[in-house]
1. I'd like the full set of residues that are touching a Leu at 6+ places or on another chain (Cβ under 7 Å) and either open to solvent by less than 30 Å² (accessible area, probe 1.4 Å) or closer than 27 Å to residue 12 by Cα (or both), limited to the range 61-78.
2. If the Cβ limit is 7 Å and pairs must be 6+ apart or interchain, which residue in the range 54-82 that is in contact (Cβ under 8 Å) with a residue 60 or more places away in the chain and outside any helix (DSSP H, G or I) pairs with which residue that is open to solvent by less than 60 Å² (accessible area, probe 1.4 Å) and of a type in the set (A, V, I, L, M)?
3. Going by what's in this entry, would residue 44 be described as open to solvent by less than 90 Å² (accessible area, probe 1.4 Å), in contact with a helix residue (DSSP H, G or I) (Cβ under 6 Å, 6 or more places away or on another chain) and among the β-branched types (Val, Ile, Thr)?
4. How many residues does the range 83-99 hold that are in a loop (DSSP other than H, G, I, E, B) and either within 24 Å of residue 40 (Cα to Cα) or within 10 Å of the chain's Cα centre (by Cα) (or both)?
5. Taking only pairs six or more apart or across chains, which ones have beta-carbon atoms under 7 Å, a first residue in the range 7-19 that is closer than 14 Å to residue 58 by Cβ and in contact (Cβ under 8 Å) with a residue 40 or more places away in the chain, and a second residue that is β-branched (Val, Ile, Thr) and not in a helix (DSSP H, G or I)?
6. So, of the residues in the range 10-37 that are in a helix (DSSP H, G or I) and charged (D, E, K, R), which turns out to be surrounded by the most Cβ atoms within 10 Å (Cβ to Cβ)?
Amino acid sequence: HKAKLNALEQERLAGLRSLAEEITKQSINVEANANDEGHLYGSVGSAEIVAALRQAGFVSVNETQVRLPGPLKELGLYTVKVQLHSDIQTDLKVWVVPS
């Protein structure tokens, strides 16, 4: 029984590793309202990033897995950490663009 559970866990980790590789290859766009200097009227958080990931086909990623140092408040390119498992972390390129 223990060997079967270990095999299932290894299978799940392999699936998460392949998901991490796919996420690393992605670059997503998040639209936000901004002024002429590039400062956002609000901010972009993990909810908006997860919504953009789901539109790109990554439905298994949730808000708690997206690690932001703080809300994104300016237009530009950001590298965001996505923690899929305690041992599996990947980077995601997020473009914050004007809407």
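1. 61, 65
2. Cβ pairs passing all conditions: 82/23; 82/61; 82/66; 82/92.
3. Values: open to solvent by less than 90 Å² (accessible area, probe 1.4 Å): yes; in contact with a helix residue (DSSP H, G or I) (Cβ under 6 Å, 6 or more places away or on another chain): no; among the β-branched types (Val, Ile, Thr): yes.
So residue 44 fails the test.
4. Let us first name the residues in the range 83-99 that are in a loop (DSSP other than H, G, I, E, B), namely 86-87, 99.
If we keep only those that are either within 24 Å of residue 40 (Cα to Cα) or within 10 Å of the chain's Cα centre (by Cα) (or both) too, we end up with 99.
The total comes to 1.
5. Listed by first residue and then by second, the contacts come to 16/88.
6. Looking only at the range 10-37, we keep the residues that are in a helix (DSSP H, G or I), and these are 10-25.
Narrowing the set further to residues that are charged (D, E, K, R) leaves 11-12, 17, 21-22, 25.
Values: 11: 10, 12: 11, 17: 15, 21: 10, 22: 13, 25: 9.
Filtering first and then ranking leaves 17.
The values are calculated or read from the model by the stated rules, or taken from the named source; none is laboratory data. Everything numeric in this text was worked out from a predicted model, so none of it was measured. Neighbour counts run over all protein chains shown; Cβ positions are idealised from the backbone, glycine included. Heads up: the accessible areas ignore ligands, DNA and RNA and are worked out on the full protein's heavy atoms, side chains in. Shrake-Rupley method; radii C 1.70, N 1.55, O 1.52, S 1.80 Å.
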